[in-house]
Amino acid sequence: MFTTFAAGAAQHVAYDVPWFMYGAIVAALVLYAIIEYFHGRHDHAVGFKEAVRWSVFYISIAVLFTVPVYFFIGSQAAAEYIAAWSIEKALSLDNLFVFGLIFAAFKVEPKFRRRILNYGIVGAIVFRLIFILLGFELLQRFSWVSIIFGLILIQGAWHALQSARHGHTESTSDITKSRMWRVLNRILPIHDKFDGHKLITKVKGKTMLTLMAGVIILIELTDIVFAIDSVPAVLAVSPDRYIAYASNVFAILGLRSLFFVYDAVADRFWALNWALAGILLWIGAKMIATPLGFHPPIAVSLGILFGLLAIGIIVSLTVKNPHHKSKTA
């Protein structure tokens, strides 16, 4: 299997995907819905141990999905899937940090955060499909679009590099005063209070969206902004629509539980921002060079990805966070 991974990743047409592999994605979504219906219908604060257990569960399912991809689509497809899934999972760390800021800015009770993130996951699954199909069509019709995608990724690398150098400088006040939130309040009737987990409420006889609905919309829009980086990154690894979307689905399904894990250990793994900057820089440069015939083996991208993440983790565990003192409680 891994000897084939090292083979050159020549530009290829879409894979011949059996119909039941599409059913496998649907089955995963149904499984998630069933789990959330029975386990998450009662609002509760998710503890660290619970989050770790569910993170391991969803990561295991995502990794095991490599097996049917390998046997029913091919070894190259399996390599692209695991690389695309890993990239999406790594890039989601920035999303999770911003989600935490949003929850803190609007003082979202811990017991409601799981429910809000589930709404966000549903929206992400729909919007990622739209973005991937659109990005795929653009790349198929106009090869030069890969240069634009590459420049977007390099800009993302610069942002990650600035965060790594100076630490995350965003604050809760940045969220409540952001242009996105001000525009939302102008065009939508959003109440400034929660009403349990209701999305619509009555205020002096007027129907309004609750603050929970406003936070959900803000999280959806934030995910769309981050998709501008992550979707081109995934398409740079695999130009196949099925592989790109499957990797996104299996990465997104575990995003909710990963948030509660990351929220507890983010300060400890401070050097991952450097790793993310390096990953985005490599993928961006790869996309820019694609029209020139630059198609490195998928094994190279996998090696760079896991190598940078490993370095980021090792540095985080062995070197004290230089920005720790500057953080406020």
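The values are calculated or read from the model by the stated rules, or taken from the named source; none is laboratory data. Because the structure is a prediction, the values reported are computed rather than measured. All Cβ positions, even for glycine, are placed from backbone atoms using ideal geometry, and neighbour counts span all protein chains on display.
Mind checking whether some residue in the range 305-324 is among the small types (Gly, Ala, Ser), surrounded by 15 or more Cβ atoms within 10 Å (Cβ to Cβ), touching a helix residue (DSSP H, G or I) at 6+ places or on another chain (Cβ under 8 Å) and at pLDDT 85 or above?
Within the range 305-324, one or more residues are among the small types (Gly, Ala, Ser), surrounded by 15 or more Cβ atoms within 10 Å (Cβ to Cβ), touching a helix residue (DSSP H, G or I) at 6+ places or on another chain (Cβ under 8 Å) and at pLDDT 85 or above.
Quick one: would you say Phe20 is touching a helix residue (DSSP H, G or I) at 6+ places or on another chain (Cβ under 9 Å), aromatic (Phe, Trp, Tyr), modelled with pLDDT of 90 or more and surrounded by 13 or more Cβ atoms within 10 Å (Cβ to Cβ)?
No.
Just one of (1) within 22 Å of Asp263 (Cα to Cα); (2) at pLDDT 80 or above; (3) exposed (fewer than 14 other Cβ atoms within 10 Å of the Cβ) trips up His42, so point out which.
(2)
Pick from Ile283, Ile298, Ile228, Ile243: which is buried (at least 22 other Cβ atoms within 10 Å of the Cβ) and at pLDDT below 85?
Ile298
How many residues, within the range 221-252, are under 12 Å from the mean Cα position of the chain (by Cα) and under 17 Å from Tyr119 (Cα atoms)?
Within the range 221-252, residues that are under 12 Å from the mean Cα position of the chain (by Cα) and under 17 Å from Tyr119 (Cα atoms) number 11.
Being aromatic (Phe, Trp, Tyr) and surrounded by 19 or more Cβ atoms within 10 Å (Cβ to Cβ) is the filter; apply it to the range 90-105 and report the residue that is nearest to the chain's Cα centre (by Cα).
Among those residues, the one meeting the criterion is Phe99.
With respect to Ser75, is the statement that it is out of contact with any Ser or Thr (no Cβ under 8 Å at 6 or more places or on another chain), at pLDDT 90 or above and either of a type in the set (Gly, Ala, Ser) or crowded, with 19+ Cβ neighbours inside 10 Å (or both) true?
Judged against the criteria, Ser75 is not a match.
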